[in-house]
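Colleague: The structure that follows is given in the form of structure tokens.
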Amino acid sequence: MEKDVFCKIVAGEIPCYKLYEDADVLAFLDISQVTKGHALVIPKEHYDTFLSTPEKIMHKVFDVAQRIGQIAIQFLGAKGVNILTNCYEVAGQTVKHFHVHVIPRYESHDGFELELKANDEGLNLPMIAEQIKNNL
Ligand code: 5GP
């Protein structure tokens, strides 16, 4: 099977601006900086998405994402951070290897738009809540 681009970065076949590395996790700058310091945190081992990543590894990835978010605020001058992971194409995932985006935010018009717009007309919230709750 053809390696995805992040597996190639892990293998050292594609260069990156590395921020952090341990036995399980790698963090590096996103090649397309949405804002200054936009970073990606990935497991070294391949998992398609957040949803299919073992809990321990997923926690390690988020630990590193949290630390990079804190550093963006302390040292890059960010005023906030968006932590984002897209799962599957319909959600905007383009690289099929679990990754967490750490997107530092500098002001309300820093070029990154993330609008959570209500679209809840006709939704049966009690039924939806039951469906989720009963399967947790
Ligand atoms: P997704 O849309 O899958 O959530 O995000 C994938 C991200 O990977 C994009 O933001 C894209 O810029 C980044 N990316 C894709 N190829 C490379 C690469 O070769 N190097 C680096 N550093 N980032 C990449």
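Colleague: Scan Gly92, Gly122, Gly69 and give me the residue that is in contact with a strand residue (DSSP E or B) (Cβ under 8 Å, 6 or more places away or on another chain) and among the small types (Gly, Ala, Ser).
Modeller: Only one candidate qualifies: Gly69.
Colleague: Right, something else. Report yes if some residue within segment 89-109 is of a type in the set (Gly, Ala, Ser), modelled with pLDDT under 95 and surrounded by fewer than 16 Cβ atoms within 10 Å (Cβ to Cβ); otherwise report no.
Modeller: yes
Colleague: Moving on to the next point. Is it the case that segment 115-127 has a residue that's surrounded by 10 or more Cβ atoms within 10 Å (Cβ to Cβ) and among the small types (Gly, Ala, Ser)?
Modeller: Checking segment 115-127: not a single residue is surrounded by 10 or more Cβ atoms within 10 Å (Cβ to Cβ) and among the small types (Gly, Ala, Ser).
Colleague: Here is a follow-up. Any residue in segment 118-125 that is in a helix (DSSP H, G or I) and over 21 Å from Leu29 (Cα atoms)?
Modeller: Among the residues of segment 118-125, at least one is in a helix (DSSP H, G or I) and over 21 Å from Leu29 (Cα atoms), which makes the answer yes.
Colleague: What is the one condition in (1) surrounded by 17 or more Cβ atoms within 10 Å (Cβ to Cβ); (2) under 12 Å from the mean Cα position of the chain (by Cα); (3) not aromatic (Phe, Trp, Tyr) that Ile71 does not satisfy?
Modeller: The single condition Ile71 does not satisfy is (2).
Colleague: A further question follows. Residue pairs, Cβ under 7 Å, 6 or more apart or interchain, first in segment 20-32 and within 18 Å of Ala72 (Cα to Cα), second more than 10 Å from the ligand (Cβ to nearest atom) and in a loop (DSSP other than H, G, I, E, B). List them.
Modeller: Sorted first by the residue in segment 20-32, then by its partner, the pairs are Leu26/Lys44.
The values are calculated or read from the model by the stated rules, or taken from the named source; none is laboratory data. Only a predicted model underlies this, so the values are computations on that prediction, with no experimental measurement involved. Counting neighbours? That spans all protein chains shown, and the Cβs are built from the backbone with ideal geometry, glycine included.
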